[in-house]
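Chemist: Before I ask anything, here is the structure I am working with.
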Amino acid sequence: MILSKRPRSALRAFLRSEASGGILLMGAAALALIVANSPLAEGYFHALHLRVGPSWFSLSLTHWINDGLMALFFLLVGLEIKREFVDGHLSNWPDRALPAIAATSGMIFPALIYLAIAGSTPGLARGWAIPAATDIAFAIGVMALLGKRVPASLKLFLTTVAIVDDMGAVAVIALAYTSQIKGAALLAAGIIMGVMFVLNRIGVKRLWPYLVLAAALWLAVLLSGIHATIAGVLAASLIPIRATPGAPDSAESPLHRLEHGLHGWVAYGVVPLFGFANAGVSLAGLGPEQLFAPLPMGVAGGLFLGKQIGVFLALWICARFGIARRPSGATWFQTYGMCLLCGIGFTMSLFVGSLAFSDRALIDEVKIGVLGGSMLSALAGYAVLRLTASRKDARAAAQG
């Protein structure tokens, strides 16, 4: 691929593709709900439980999507994190401070609200991390519907906050949702990472050795008992990057080449497929007792209330005490709209929910809470940002 044909900024390209992928993800989730509540429902749920693969390594279709294809999603997340920390908007400590504080606060408050609502119910405290992370694709997709009404600084800030809290979510998955460790497989994973590190240090720039080793790392991590998707982030951390300040998009950088090659497949394939496979929940016989049960209410409350409180409070405190300033060119009202969109936790929340609970009824309740909290956050964030833009347009017209 020739560098001159690529976009100048990898982050701008990321935002454009995330916006389109987010809209596609919304469609996939809506389609899953329609299918799960149609005459096709039996075939849909049956297909998800079909076992695929050789007898010695057979997994259900859902597991291949959640443990296999989603490893590519986490590989891309890891590449984006590394790029931003080495060569992007998080490459120095002053730029990291505000997103890190906002993301941390935006993980703590949802967990506290979840525990306040659902934590006292036996067995449900395990789901505290479900509302912790923001779905970048979904949130940017909602912003895309508003076009130029949303300042670019808010899109960039939302992306950096989401990237930082993705780091937190990855750490939570590795530490909180690993039940049993198998030493031999973990040792094999360590050796594979060591080989990747050596290749990096001696200057190997070809991608294929890293990709072969990344596949072996995925298998070793899967067999170790740690969730297999963590292998994606670990592999990404060992992909070489060539720093090119000002225009981080070097054709000679393996990380940038892999990110460009992978992003379309993940944004337009893996994530919508995950959404279609995981968002389907039958609403037959669903009444107030199920809708307002502690688990869905805890998840929805954590996403809708916890995220906006945590992120906005952190931004306000940082601005009030001179630690950092809010995103440039954005009013406090617009900033609040962005904080509402942080409550869209669709992909990562569904993923963590599938790790936190094995009972099908509880997983369905998680889906209801995630869909409810994410939709409330999306609609409220869209309304606030649209209202702000309408007021700005009205003022401009009056002045004209």
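Quick note: the coordinates plus some simple rules give every number you see, no bench work behind them. Since we're looking at a predicted model, the values are computed, not measured. No Cβ is skipped: glycine too gets one built from the backbone with ideal geometry, and neighbour counts run over all protein chains shown.
Chemist: Is region 38-151 best put as rounded, prolate or oblate by its Cα gyration tensor, with a ≥ b ≥ c the root eigenvalues, rounded for a/c under 1.5, and otherwise prolate when a/b is larger than b/c, oblate when not?
Modeler: It is prolate, given that a/c is not under 1.5 and a/b is the larger ratio.
Chemist: Right, another one. With charges set only on the Cβ (+1 for Lys and Arg, -1 for Asp and Glu), what does the dipole of region 165-320 come to about its Cα centre, in debye to the nearest 20?
Modeler: Working: 8 positive and 6 negative charges, 84 e Å.
About 400 debye.
Chemist: Which net charge results for the neighbourhood of Asn37, defined as the other residues with beta-carbon distances under 15 angstrom from its beta-carbon, given Lys and Arg at +1 and Asp and Glu at -1?
Modeler: Every neighbour counted, the sum reads -1.
Chemist: Specify whether the C-alpha gyration tensor of region 247-342 places it in the rounded, prolate or oblate class, a ≥ b ≥ c being the square roots of the eigenvalues: rounded for a/c under 1.5, otherwise prolate if a/b is larger than b/c and oblate if not.
Modeler: oblate
Chemist: Same structure, new question: Order these by the 10 Å Cβ neighbour count, fewest first: Phe312, Phe346.
Modeler: If I rank by nearby Cβ atoms, fewest first, I get Phe312, Phe346.
Chemist: For region 161-237, which trypsin sites (Lys or Arg not before Pro) are in a loop by DSSP, counting at most 14 other Cβ atoms within 10 Å?
Modeler: Lys182, Lys205, Arg206
Chemist: Hey, can you grab everything whose amide H is under 5 Å from the amide H of Ser60? Only 5+ residues off in sequence or another chain; H modelled, so Pro and N-termini drop out.
Modeler: Placed amide hydrogens put Val52 under 5 Å from Ser60.
Chemist: Under a Cβ-only charge scheme (Lys and Arg +1, Asp and Glu -1), can you give me the dipole magnitude of the chain about the Cα centre, in debye to the nearest 20?
Modeler: The dipole magnitude comes to about 1240 debye.
Chemist: Turning to a different aspect of this structure: Can you give me the relative contact order of the chain as a percent, contacts being Cα pairs under 8 Å and 6 or more apart? Don't jump to the answer; show the numbers that get you there.
Modeler: Details: 636 pairs, mean separation 113.3, N = 400.
After rounding, I find 28 percent.
Chemist: Now for a separate question. Of Pro39, Pro272, Pro327, which is the most mobile in a GNM of the chain whose springs link Cα atoms less than 10 angstrom apart?
Modeler: Pro39
Chemist: Place the peptides 260-269, 131-140, 234-243 in order of packing, highest mean first, counting for every residue the other Cβ atoms within 10 Å and averaging per peptide.
Modeler: On the way: 260-269: 16.8, 131-140: 30.0, 234-243: 20.6.
My ranking of the peptides, most packed first, is 131-140, 234-243, 260-269.
Chemist: Still on this structure, I have one more. Rounded, prolate or oblate, given the Cα gyration tensor of region 94-202, with a/c below 1.5 counting as rounded?
Modeler: Values: a/c = 2.55, a/b = 1.21, b/c = 2.10.
The shape class here is oblate.
Chemist: With Rg and Dmax of the Cα atoms in Å as the read-out, I listed (i) 19.9, 58; (ii) 25.2, 85; (iii) 21.0, 72; which label goes with the value calculated from this structure?
Modeler: Label (iii) holds the value from this structure.
Chemist: Next question, about the same structure. Quick one, could you list the DSSP H helices from the chain stretching 30 Å or more along their long axis (Cα atoms) with average Kyte-Doolittle hydropathy of -0.5 or above?
Modeler: Passing helices, by number: 10-36, 93-118, 152-176, 360-399.
Chemist: Moving to a separate point now. When Cys339, Cys318 are ordered from fewest to most other Cβ atoms inside 10 Å of their Cβ, what list results?
Modeler: So the residues, fewest neighbours to most, are Cys318, Cys339.
Chemist: Ignoring everything except DSSP H segments at least 4 long, calculate the 222 nm mean residue ellipticity for the chain; use -39,500 (n - 2.57) per segment, divide by total residues, nearest 500. Don't skip to the answer; put the middle values down first.
Modeler: Working: 17 runs with 263 residues, N = 400.
The helix contribution divided over the chain gives -21500 deg cm²/dmol.
Chemist: Okay, moving on. How do Thr121, Thr62, Thr229 line up, fewest other C-beta atoms within 10 Å first?
Modeler: Listed from fewest to most nearby Cβ atoms, that is Thr121, Thr62, Thr229.
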